[in-house]
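Asks: Have a look at the structure that comes next, please.
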Amino acid sequence: MTTFAADSILVVLETAPGPVLSKNHGELLGAAAGVGTPVALVAGPADSLGSLAAQASASGAAAVLTVALEGRPVVPLVDALQAAATLVQPQAVLVAHTESSRDIAARFAVRSRASLSVDAVGVFRDELGVVASHSIYGGGFSTTSTATFGAPVITVRVGSIEARAAAQSENITALDVAASGKPEVEVTDLKTLESTSARPELRSAKRVVSGGRGLGNAEQFVLVEQLADVLGAAVGASRAAVDAGFVPHAAQVGQTGVSVSPQLYVALGISGAIQHKAGMQTAKTIVAINKDADAPIFDIADFGVVGDVFKVVPQLIAALETAKDR
Ligand code: FAD
């Protein structure tokens with residue numbers, strides 16, 4: 001029987017079409033390795049579990065628990081997490097702060113009466129156990145949270161962890177899961193939306209170029225897309241740009257949109273309202289172009305250009321293309 005290290009950290013990994021592990025698996029395992037021994041829970045189609053588990057081992061999972069599941073049904077995943085936690089007795093449970101994993105984390109925390117720390121941008125240890133760090137109030141403050149008893153369940157913001165774990169040899173166990181029979185959400189209609197964009201997915205992109213109301217209209221918003229394409233970046237937007245119909249809501253960055261933590265965030269014609277900053281302030285490098293020198297976005301920008309986006313951005317694109325051709 002597999003035994004698990006006393007400092008095990010149980011990490012719930014997501015899968016993407018392929019199936020392969022979602023891009024965020026490396027950072028979750030990296031975060032876990034910084035505070036203990038990562039044990040991965042991987043659920044997927046039976047014929048892909050071997051390759052998914054191998055991927056998890058290569059990314060640092062000291063042990064991998066596998067469960068055969070089609071799709072991402074919430075209750076069976078919570079059942080699997082409960083079985084895994086009973087077996088491993090982890091010191092913390094880490095999941096991605098994505099829509100589907102947040103649901104699983106919350107249900108598991110309620111079932112197991114564990115504490116839930118949401119939207120962590122880091123994890124570390126103090127003398128009492130695993131602690132989550134958070135960037136709150138639009139990134140204006142940093143704070144920490146931890147459990148007073150039991151293993152905390154922590155959702156980790158995608159893109160916020162740079163550490164990566166060393167590859168481990170494969171140690172794979174098929175998990176026995178007893179179905180809880182808890183009520184599942186009833187899906188009455190399901191439409192699969194196929195994204196045809198060649199651009200990276202916004203939430204996990206390493207580079208994001210976002211446009212705001214300053215772009216003026218949907219036709220002129222194409223400037224944001226042109227710069228994004230030269231940089232190989234995802235396209236984001238402020239709520240004002242979304243509300244004005246320049247781009248769909250899926251592109252909205254901020255408090256009521258997507259939170260991103262890319263290496264590079266370029267804000268074009270965005271004022272920098274606190275609700276926008278809440279979704280992008282943890283970006284490693286922030287570049288802002290705005291014609292108003294007093295725009296609050298410049299308070300958090302690493303590089304700022306006071307100027308008209310319609311004059312500055314075409315020059316920037318031309319300079320980047322010239323640099324590429326060299
Ligand atoms: P504006 O504030 O109008 O700024 C436009 C900027 O463009 C200005 O700074 C201007 O100087 C500049 N500009 C204009 N023309 C040019 C030009 N030619 N060249 C260069 N610069 C130019 N907002 C979000 O973004 N995300 C959210 O998730 C979000 N959630 C919210 C939740 C709540 C509950 C509330 C109340 C608000 C929320 N908002 C959110 C809205 C937020 O308060 C701001 O209204 C919004 O972010 C403003 O968008 P903006 O910066 O594009 O527009």
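Asks: Exactly one of (1) within 19 Å of Ala105 (Cα to Cα); (2) open to solvent by 30 Å² or more (accessible area, probe 1.4 Å); (3) more than 18 Å from the chain's Cα centre (by Cα) is unmet by Arg72. Its number?
Replies: Failed condition: (3).
Asks: Follow-up question, since we're still on this one. Could you please tell me which pairs satisfy a Cβ distance under 9 Å, a separation of 6+ or placement on different chains, a first residue in the range 260-285 that is farther than 12 Å from Arg157 by Cβ, and a second residue that is of a type in the set (Phe, Trp, Tyr)?
Replies: Gly272/Phe298; Ile274/Tyr137; Lys284/Tyr265; Thr285/Tyr265; Thr285/Phe303
Asks: Scan the range 1-14 for residues that are over 10 Å from Val88 (Cβ atoms) and either open to solvent by less than 40 Å² (accessible area, probe 1.4 Å) or modelled with pLDDT of 95 or more (or both) and report the count.
Replies: Residues meeting the conditions: 6.
Asks: Now for a separate question. Output the residue which, of all residues in the range 44-69 that are outside any helix (DSSP H, G or I) and open to solvent by less than 10 Å² (accessible area, probe 1.4 Å), is modelled with the lowest pLDDT.
Replies: Within the range 44-69, the match that is modelled with the lowest pLDDT is Gly44.
Asks: Could you tell me which of the residues Val260, Val242 is within 16 Å of the ligand (Cβ to nearest atom) and in a helix (DSSP H, G or I)?
Replies: Exactly one of Val260, Val242 is within 16 Å of the ligand (Cβ to nearest atom) and in a helix (DSSP H, G or I), namely Val242.
Asks: OK, next. Among the residues in the range 308-323, are any within 7 Å of the ligand (Cβ to nearest atom), touching a strand residue (DSSP E or B) at 6+ places or on another chain (Cβ under 6 Å), over 28 Å from Phe141 (Cα atoms) and open to solvent by less than 30 Å² (accessible area, probe 1.4 Å)?
Replies: yes
Asks: Give the number of residues within the range 78-116 that are closer than 21 Å to Ser261 by Cα and among the β-branched types (Val, Ile, Thr).
Replies: Matching residues across the range 78-116 total 2.
Asks: Just one of (1) at pLDDT below 95; (2) near the ligand (Cβ under 8 Å from one of its atoms) trips up Gln252, so point out which.
Replies: Unmet condition: (1).
Asks: On to the next question. For residues that are free of Cβ contacts under 8 Å to residues at least 60 places away in the same chain, within 13 Å of the ligand (Cβ to nearest atom) and either open to solvent by less than 20 Å² (accessible area, probe 1.4 Å) or of a type in the set (A, V, I, L, M, F, W, C) (or both), tally how many sit in the range 213-223.
Replies: Count: 1.
Asks: Assuming Thr188 fulfils every condition listed in (1) more than 12 Å from the ligand (Cβ to nearest atom); (2) open to solvent by 20 Å² or more (accessible area, probe 1.4 Å); (3) modelled with pLDDT of 95 or more; (4) more than 17 Å from Val312 (Cβ to Cβ) apart from one, which condition is it?
Replies: Answer for Thr188: the failing condition is (3).
Asks: Okay, next question. Quick one: which strands (runs of 3 or more DSSP E) lie wholly within the range 132-193 and hold at least 3 residues that are touching a helix residue (DSSP H, G or I) at 6+ places or on another chain (Cβ under 9 Å)?
Replies: Because the criterion is at least 3 residues that are touching a helix residue (DSSP H, G or I) at 6+ places or on another chain (Cβ under 9 Å), the strands (runs of 3 or more DSSP E) in the range 132-193 that meet it are 153-156, 172-174.
Asks: Only residues in the range 96-117 that are at pLDDT 95 or above count as the first member; pair them with residues that are among the basic types (Lys, Arg) and open to solvent by less than 40 Å² (accessible area, probe 1.4 Å), Cβ under 9 angstrom, at least 6 apart or cross-chain, and list the lot.
Replies: Ala96/Arg157
Asks: OK, next. Looking for whichever is surrounded by fewer than 18 Cβ atoms within 10 Å (Cβ to Cβ), among the small types (Gly, Ala, Ser) and either within 26 Å of Glu321 (Cβ to Cβ) or in contact with a strand residue (DSSP E or B) (Cβ under 6 Å, 6 or more places away or on another chain) (or both) here; the options are Gly236, Gly269, Gly232. Which one fits?
Replies: Gly232
Asks: For residues that are closer than 13 Å to Tyr265 by Cβ and open to solvent by less than 90 Å² (accessible area, probe 1.4 Å), scanning just the range 294-307, find the one that is farthest from the ligand (Cβ to nearest atom).
Replies: My answer is Asp302.
Asks: Shifting gears a bit: Could you check Ser197 against (1) touching a helix residue (DSSP H, G or I) at 6+ places or on another chain (Cβ under 8 Å); (2) part of a loop (DSSP other than H, G, I, E, B) and say which number it fails?
Replies: The single condition Ser197 does not satisfy is (1).
Asks: Out of the residues in the range 15-43 that are part of a strand (DSSP E or B) and open to solvent by less than 20 Å² (accessible area, probe 1.4 Å), which is farthest from Leu65 (Cα to Cα)?
Replies: The residue in question is Leu21.
Asks: Which condition breaks for His276 when tested against (1) modelled with pLDDT of 95 or more; (2) within 20 Å of the chain's Cα centre (by Cα); (3) more than 8 Å from the ligand (Cβ to nearest atom)?
Replies: Condition not satisfied by His276: (3).
The values are calculated or read from the model by the stated rules, or taken from the named source; none is laboratory data. Keep in mind it's a predicted model, so treat the numbers as computed, not measured. For neighbour counting, all protein chains shown are included, and Cβ atoms are generated from backbone atoms with ideal geometry for every residue, glycine included. Just so you know, the surface numbers come from the protein's heavy atoms only, side chains and all, with ligands and any DNA or RNA stripped out. Shrake-Rupley method; radii C 1.70, N 1.55, O 1.52, S 1.80 Å.
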